[in-house]
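Participant: My questions all concern the structure below.
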Amino acid sequence: MNTQQVLLPAGGIVVVAAIALGIWKYLKSRPGAEEIERRRRMYLHEKGKLGVARVTDFDAGHISYTYLVAGVEYSTSQDVSTLPELLPALPQLMIDNAGVKFDPRNPPNSIVICEHWSGFEKLPRQRLG
């Protein structure tokens, strides 16, 4: 067996291992769904335009609401199951007007609450524990 016959398969194994390691590192570094949603909320908090929403329902960690932008009515909901400590103490009080922050370039992208802002600021928050 000559040197070339030994080095060729060994080099192939090294290349495949390097590619596999690169793919593994890339997949491991990607943010999960919760992190993507947190980043979306932070973007809207920092860059979003403020408006008024009408909360229509609160059920099982979702707030449904409608709001107007340039004469167009948007109806959407926000998953708030990861933000229980930020919600008003009495959820039934949320069924009213609230603040909304939306992306002016994509108005359906909106929030009524995040870690650093609440469209329900005048309502007392829940106390956990």
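Participant: Before we move on, is Pro108 surrounded by fewer than 16 Cβ atoms within 10 Å (Cβ to Cβ) and under 17 Å from Glu121 (Cα atoms)? Walk me through it before giving the result.
Facilitator: Values: surrounded by fewer than 16 Cβ atoms within 10 Å (Cβ to Cβ): yes; under 17 Å from Glu121 (Cα atoms): no.
So Pro108 fails the test.
Participant: Here's a follow-up. Within the range 39-55, track down each residue that is in a strand (DSSP E or B), aliphatic (A, V, I, L, M) and either touching a residue at least 60 places away in the same chain (Cβ under 8 Å) or surrounded by 13 or more Cβ atoms within 10 Å (Cβ to Cβ) (or both).
Facilitator: Ala53, Val55
Participant: With the checklist (1) modelled with pLDDT under 95; (2) polar (S, T, N, Q); (3) touching an Asp or Glu at 6+ places or on another chain (Cβ under 8 Å) in hand, flag the one item Ser64 doesn't pass.
Facilitator: (1)
Participant: Hey, another quick one. I need a count of the residues in the range 56-81 that are outside any strand (DSSP E or B) and exposed (fewer than 13 other Cβ atoms within 10 Å of the Cβ). Spell out the reasoning first.
Facilitator: Residues of the range 56-81 outside any strand (DSSP E or B): 60-61, 70-71, 80-81.
From what's left, exposed (fewer than 13 other Cβ atoms within 10 Å of the Cβ): 60, 70-71, 81.
So the count comes out to 4.
Participant: Please work out which residue is surrounded by the most Cβ atoms within 10 Å (Cβ to Cβ), limiting yourself to the range 82-105 and to residues that are part of a loop (DSSP other than H, G, I, E, B) and modelled with pLDDT of 80 or more. Before the answer, list the steps.
Facilitator: Here is the first cut: in the range 82-105, the residues part of a loop (DSSP other than H, G, I, E, B) are 82-83, 87, 89-90, 95-96, 104-105.
Those left that are additionally modelled with pLDDT of 80 or more: 82-83, 87, 95-96, 104-105.
On the way: Thr82: 13, Leu83: 17, Leu87: 20, Ile95: 15, Asp96: 12, Pro104: 12, Arg105: 8.
Here the residue is Leu87.
Participant: Under the condition of being aliphatic (A, V, I, L, M) and touching a strand residue (DSSP E or B) at 6+ places or on another chain (Cβ under 7 Å), which residue from the range 43-71 is farthest from Glu115 (Cα to Cα)? If you could, list the steps in order and put the result at the bottom.
Facilitator: Looking only at the range 43-71, we keep the residues that are aliphatic (A, V, I, L, M), and these are 44, 50, 52-53, 55, 60, 63, 68-70.
With touching a strand residue (DSSP E or B) at 6+ places or on another chain (Cβ under 7 Å) added as a condition, the list becomes 44, 50, 52-53, 55, 63, 69.
Values: Leu44: 11, Leu50: 16, Val52: 19, Ala53: 19, Val55: 19, Ile63: 15, Val69: 24 Å.
Top of the filtered list is Val69.
The values are calculated or read from the model by the stated rules, or taken from the named source; none is laboratory data. Everything numeric in this text was worked out from a predicted model, so none of it was measured. Cβ: placed from backbone, ideal geometry, glycine included. Neighbour counts: every protein chain shown.
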